[in-house]
Amino acid sequence: MNNIFKKQLILSVLIVTVLFTSCEKVIDLKLNNTEPKLVIEAILIDLDVKHIVSITKTVNFDASNDKVPVSNAIVAIKEENGPTIVYTEQTPGNYISSKYKAIPGKKYTMSVIVNGQTYVATSIMPLAVPIKSLSQIELSAFGETRKIVQVNYNDPAGIANFYYNRVFINNLKKERYYVESDRFNDGREVKNNIFIDEPNLVTGDKVKVQLLTIDANVYKYLFSITQITGNGGPPTTPANPESNFNNGALGFFSASSFTVDSLVIK
Amino acid sequence: MINIFAVKRLAVLVLIYFISLSFLYAQKNYTINGVVKNSATSETLIGASVKISGVSQLGTSTNSYGFYSISLPEGQYKFEVSYVGYVTLIKEINISANVKQDFSLEESNNLNEVVITNIRRNDNVIKAQMGVEKLNIKDIQNIPVLFGEKDILKTLQLLPGIKSAGEGNSGFYVRGGSTDQNLILLDEAPVYNASHLLGFFSTFNSDAIKDVTVYKGGMPAQYGGRLSSVLDIRMNDGNKKETTFEGGIGLISSRLKIEGPFVKDKSSFMVSGRRTYADAFLALAPDTSLRGNTLYFYDLNAKANYQLDEKNTVYLSGYFGRDKLGLNETFGFNWGNATGTLRWNHLFSNKLFSNTSLIVSKYDYTIENLLSGSEFKVNSSISDFNLKQDFNIALNNKHELKFGFDALHHTIAPGQISSPSTSSVNEIKIETRKGVELAAYFSDQYNLSDKIKLVYGLRLSSFSLLGGGNFKTFDVDGNQSSSTFYKSSEIVKTYINLEPRFSASFQLDDTKSLKASYTRNVQNLHLMSNSTATSPTDLYIMNSLNTKPELADQFSLGYFNNFNDNDYEFSAETYYKPMQNQIEYRNGTDLRGNQNVEADLIYGKGRAYGIELFFKKKYGKFNGWIGYTLSKTERQFSQINNNTWFAARQDRPHDISVVGIYKPGKRWIFSSTFVYSSGNAVTFPIGKYNLDGQTVFYYGERNANRTPDFHRLDVSATLEGKPNKKFKSSWNFGICNLYNRKNPFSIDFKDNPDNTSQTQAVQTSLFGIIPSVTWNFKF
């Protein structure tokens, strides 16, 4: 469903380029700065693997994009009526658990202590929804034929499901949050179109998709970011999304079921 | 909410007051009435001035149907009838009985008046009404516009206090109001989306338009329903004398108008159409995949009238317009308005004029996804049925009364998704909402003395939300707190409001006056958009259990001064406008097919204040105007910026427009416009972070930043064909954005593609310098 609005946007852009001589230029803006904020990124999946938590800080707009790691944090996860697992810092800002398999339907509470301040987030792992297959379709618009990957899966009926497609092109993660909800296709065989551009897909590209089920909070966090950049429709008034961590931390904690599939573009 | 008994008592008092008025002035008076019309076409003239020479106090102007009525004691009078662009008619009439007198004015060939006109040379000074402007349609074609598509909405935006909602956007902001706070009426029918092609053109084909009046403040009591402005647009009735053709061929579109009599001097018709043909070029494209795409819009205006007898005239008018966009076999998107108005003018007596209107209006859009496997169609619409009754009485030479009522039924179908069984998309229907607005009003234009004139009135308006479905309430955090089922037509909730309207002018001398006004306006329909641009898919909602009517009180003061025998006009108007029950979306709201959109709404306050300076040269070879607005528009919501006042999207502190028109001789007309405004209030990042491989920006306070300033110079030249021929033609050449200014349309923040460890701000500009040429004809 996102796609239709994406297309509306593509179309508007096309109209603008057909009718107008629109142009882009890099401009120099004096932007304000703020105190660094804590950013926590934590995904826990239903595979028996070591899980990673990344803790960083925000930087000024004109600084380098490189992550500013936050070391010496105390990171732990507690399974509802289950064990608590403590993470250890492996490289600066990256904290790793022991091998552990999380279970769909269970509630997980993550706590992170940095400089005496505790940040807590909870996430209930949604039911597992495996990828059935990936397929390839083509879409022509205004003289251009685009190759599109479809992610096929069966959405469980009667409950709200949210998905995060982590997309890798030739083993490089695509910088975009492909998030979906089942609001328009609850209980259906879903063929979710993944639009990939900058650059467009070409024959021989290897596309890998990790399908993560996510809870409503994580969906909203990522969806809000896509809305600001206009990926999900017309750009909205920018605002900071609400994290499921408390005490003003940014980022998210998601307990997610996980499957992966890949295909080579024909 | 007000006590219903208080309202009744008030109504009785008002009635007694008017009965006593007519006794007070019950001297021996006769009435002269009739219509003022164009001598060549018999087209009635709206707002033409009918005054008694030498007596500033005695006079009136024609109403929306060209009708006037004046009561006078017995005697010999010299009538002066004038209208901009027409030769003033002076006629001596002896009044010793009631007289029916029509006036026919001759068009002046020597059009030295400027586009924005005042009815009478010093009307702007004398009349109590303030915050009003009229556009003269005939001269709009001289003002340069994008692609040479003459556009009344674009021309309006050159006036102080009226600002464009953004480059290439037909939406406009009036005195700090948002785009949905403008009541746009086409032959009395509300037009819900007045733009084409995602906002680059307006839906009003100026060929079909006779008269445009915009009220920025001091709205007369017969108008209601929107907070910030009234844009009253009237279509041509059609030539009653002979059949004529008129049209134009431009870069983007072509237009054709036919008008003529059914029965000479009794009945006429007008049909006017316009269609763009960007897609015609696509069809010629060498690349076959380009050919299956559609991209066009059209407008069709039609009107007919019939004068049954001296006392009865009926009018039927309609507008149909649609935009169609499509990518071959994958996607379709179309939207449009349709309106229809049936009117009956009736003269009960030579003093009492009545108009009854039946109006329908509909706006809808359809989105179709044809991609195999996920086919679906989304339909959404808003439709109105409206009955209006208006009365005009020229009670005596001091009082002119207007009163009437208005019943308006709204149906909003927010969205329905339908899909074939092979599609993975489910069918969804969001509950349709129905509501009724009822209003009654009166107003009195009262000439208190030679120096003091008043217009005062009152509008009593109500809105009832009607049942048929589940109605929910939500707490401040957006959690559902109750849900109640109401049967069809059951009243869910009623809101009643009193809207006082008051304007006064105090004339200092013949050329100077002070004016003041206070108006309250109520708005029961709200357009919801969380994007930074307007979109055809923006959603209308009604008042509900959660959403209360928006209210605005506007106080304004003005100084008006004409110089040099009314050749130059200067005005300064200030306003202060607090607004209640303003609406915004929560952050991160997903609007698509949202069943509980009200859960995502937050409510707050607004305020707007400013000063508008206007200096105009009205006559001569060179004319034009300079407008400057200094203003501030703010909003306050407890959920945004910690409940502090912040700059609204419409806030632009400085706004300047300069219009110049030069007519050196009979055939050439040169014109130029320059606009400058402060940048828009926007939200920029104050930091960034990396989250799962993507750079995410951390934003500062809402609207705490500004885009770069906006300015642009447009020029045009019109060459009229040789005069005195039956076949008239003209060429219009224009250049939009002469010095190729790259104004910001949007500013995006993204990774630097050449150095992905850095981010950059990228500004998109819609267009640079754009030339245009249009050929117009008439025969």
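Arrange the peptides B:363-369, B:173-179, A:125-131 so that the one whose residues have, on average, the most other Cβ atoms within 10 Å appears first. Intermediate results must be reported in sequence, preceding the final value.
Details: B:363-369: 19.9, B:173-179: 27.9, A:125-131: 18.1.
With the highest mean Cβ count within 10 Å placed first, the list reads B:173-179, B:363-369, A:125-131.
I'd like the mean, over residues of A:31-43, of how many other protein chain beta carbons sit within 10 Å of each residue's own Cβ. Don't skip to the answer; put the middle values down first.
Working: counts 9, 8, 4, 6, 2, 3, 4, 1, 7, 1, 5, 0, 1.
The shielding value for this peptide is 4.
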* Structure fact -> Expected sort for B:464-475, B:517-528, B:628-639, B:93-104 on mean C-beta neighbours within 10 Å, highest first, is B:517-528, B:628-639, B:464-475, B:93-104
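Let me know the whole percent of all Cα-Cα pairs from the protein assembly as shown that are separated by more than 57 Å.
Result: 19 percent of Cα pairs exceed 57 Å.
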* Structure fact -> Among A:164, B:485, B:213, the residue whose Cα sits farthest towards the positive end of the charge dipole of the protein assembly as shown, when +1 is placed on the Cβ of each Lys and Arg and -1 on the Cβ of each Asp and Glu, is B:213
* Which one of A:61, B:745, B:422 is farthest out on the positive end of the charge dipole of the protein assembly as shown, using unit charges on Cβ (Lys, Arg +1; Asp, Glu -1) and the Cα centre as origin? -> B:745
* Structure fact -> Whole-Å distance linking the alpha carbon centroid of the stretch B:346-382 with that of the stretch B:131-152 is 26
* Under the classification rounded if a/c is under 1.5, otherwise prolate if a/b is larger than b/c and oblate if not, where does the stretch B:613-662 fall, given a ≥ b ≥ c as square roots of the Cα gyration tensor eigenvalues? -> prolate
* Asked: Can you work out the FRET efficiency for the pair residue B:654 and residue B:310, with r the C-beta to C-beta distance and R0 = 45 Å, to the nearest 0.05?
  -> 0.25
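Before anything else, pin down the relative contact order of the stretch A:38-124: Cα pairs under 8 Å, at least 6 apart, normalised by residue count, whole percent. Display every interim value, and only then the final one.
Numbers: 176 pairs, mean separation 25.0, N = 87.
The normalised contact order for the stretch A:38-124 reaches 29 percent.
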* **Inter-centroid distance (Cα atoms) of the stretch A:243-265 relative to the stretch B:451-514, Å** => 47
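Let me know the charge dipole size of chain B about its Cα centre in debye, to the nearest 20, where only the beta-carbon of Lys, Arg (+1) and Asp, Glu (-1) is charged. Write out the running numbers ahead of the final one.
Values: 83 positive and 73 negative charges, 336 e Å.
In total the dipole reaches around 1620 debye.
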* Calculated log₁₀ intensity ratio I(q)/I(0) where the Debye formula runs over C-alpha points of the stretch A:38-124, q = 0.22, 0.23 Å⁻¹ -> -1.06, -1.13
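By count of other Cβ within 10 Å, fewest leading, how are B:259, B:584 ordered?
Details: B:259 24, B:584 21.
Fewest-to-most Cβ neighbours within 10 Å comes out as B:584, B:259.
Taking square-rooted eigenvalues a ≥ b ≥ c of the alpha carbon gyration tensor, is chain A rounded, prolate or oblate, where a/c under 1.5 means rounded and, failing that, a/b exceeding b/c means prolate? Walk me through the numbers on the way to the answer.
On the way: a/c = 1.95, a/b = 1.29, b/c = 1.51.
Oblate.
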* Report, in degrees rounded to the nearest 10, the 0 to 90 angle that the Cα long axis of helix B:4-24 makes with the longest principal axis of chain B. => 20
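May I ask for the percentage of alpha-carbon pairs in the stretch B:578-626 that lie more than 12 Å from each other? Before the final figure, lay out the partial values.
Numbers: 880 of 1176 pairs.
Of all Cα-Cα pairs in the stretch B:578-626, 75 percent lie more than 12 Å apart.
Nearest 500 deg cm²/dmol is fine: what mean residue ellipticity at 222 nm does chain B get from its DSSP H runs of n ≥ 4 alone, each adding -39,500 (n - 2.57), divided by its residue count?
Mean residue ellipticity at 222 nm (helix-derived): -1500 deg cm²/dmol.
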* Structure fact -> Normalised per residue, the volume inside the convex hull of the alpha-carbon atoms of chain B in Å³ amounts to 178
* Rounded to the nearest 0.05, what FRET efficiency do residue B:605 and residue A:80 have when you use their Cβ-Cβ distance and R0 = 51 Å? -> 0.70
* Between the stretch B:611-651 and the stretch B:34-50, the alpha-carbon center distance in angstrom -> 35
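So what is the relative contact order for chain B, in percent, with contacts set as C-alpha pairs under 8 Å and at least six apart?
Working: 2187 pairs, mean separation 79.1, N = 779.
The value is 10 percent.
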* **Assigned charges on the beta-carbon of Lys, Arg, Asp, Glu; chain A dipole about Cα centre (debye)** => 280
* Structure fact -> In whole µm²/s, the translational diffusion coefficient that Stokes-Einstein assigns to the stretch B:471-533, given a Kirkwood hydrodynamic radius over C-alpha pairs, 25 °C and 0.890 mPa s, equals 142
* With charges set only on the Cβ (+1 for Lys and Arg, -1 for Asp and Glu), what does the dipole of the stretch B:473-584 come to about its Cα centre, in debye to the nearest 20? -> 500
* To do: Give, as a single signed number, the net charge of other residues whose beta carbon lies under 14 Å from the beta carbon of residue A:186, with Lys and Arg counted +1 and Asp and Glu -1.
  => -3
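With a ≥ b ≥ c the root eigenvalues of the C-alpha gyration tensor of the stretch B:135-203, is it rounded (a/c under 1.5), prolate (a/b larger than b/c) or oblate? Don't jump to the answer; show the numbers that get you there.
Values: a/c = 1.34, a/b = 1.26, b/c = 1.06.
Rounded shape, in that the Cα axes give a/c under 1.5.
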* To do: Please give the residues of the stretch A:185-201, grouped as numeric ranges, whose backbone N is less than 12 Å from a label point set 7 Å along the Cα-to-Cβ vector of residue A:136.
  => A:201
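Can you pull out the trypsin sites (Lys or Arg not before Pro) in the stretch B:570-628 whose DSSP state is coil and whose Cβ has at most 12 other Cβ atoms within 10 Å? Working shown, then result.
On the way: sites: B:586, B:592, B:605, B:607, B:616, B:617, B:618, B:621; in loops: B:586, B:592, B:618, B:621.
Filter output for the stretch B:570-628: B:621.
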* Got the relative contact order for the stretch B:502-599 handy, in percent, Cα pairs under 8 Å and 6 or more residues apart? -> 26
* Can you give the helix-only mean residue ellipticity at 222 nm for chain A, where every DSSP H stretch with n ≥ 4 adds -39500 (n - 2.57) and the sum goes over all residues, rounded to the nearest 500 deg cm²/dmol? -> -4000 deg cm²/dmol
* Enter the mean number of other protein chain beta carbons within 10 Å of the beta carbon of each residue in B:760-768, as an integer. => 6
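Rounded to two decimals, what is the ratio between the C-alpha radius of gyration of the stretch A:111-266 and 2.2 N^0.38 Å? All intermediate terms of the calculation are to be shown ahead of the outcome.
Details: Rg = 16.9 Å, N = 156, 2.2 N^0.38 = 15.0 Å.
Against the compact-globule rule of thumb, the ratio is 1.13.
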* **Peptide B:698-711, shielding by other chains (average Cβ, 10 Å cutoff)** => 3
* Asked: Between residue B:545 and residue B:379, what FRET efficiency follows from the Cβ-Cβ distance if R0 is 30 Å, with the result rounded to 0.05?
  -> 0.70
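None of the figures in this text is laboratory data; all of them are computed from the coordinates on show. A quick note: this is a predicted structure, and the numbers were derived from the prediction, not measured. Don't worry about glycine lacking a Cβ; one is built from the backbone with ideal geometry, like all the others, and counts go over all protein chains shown.
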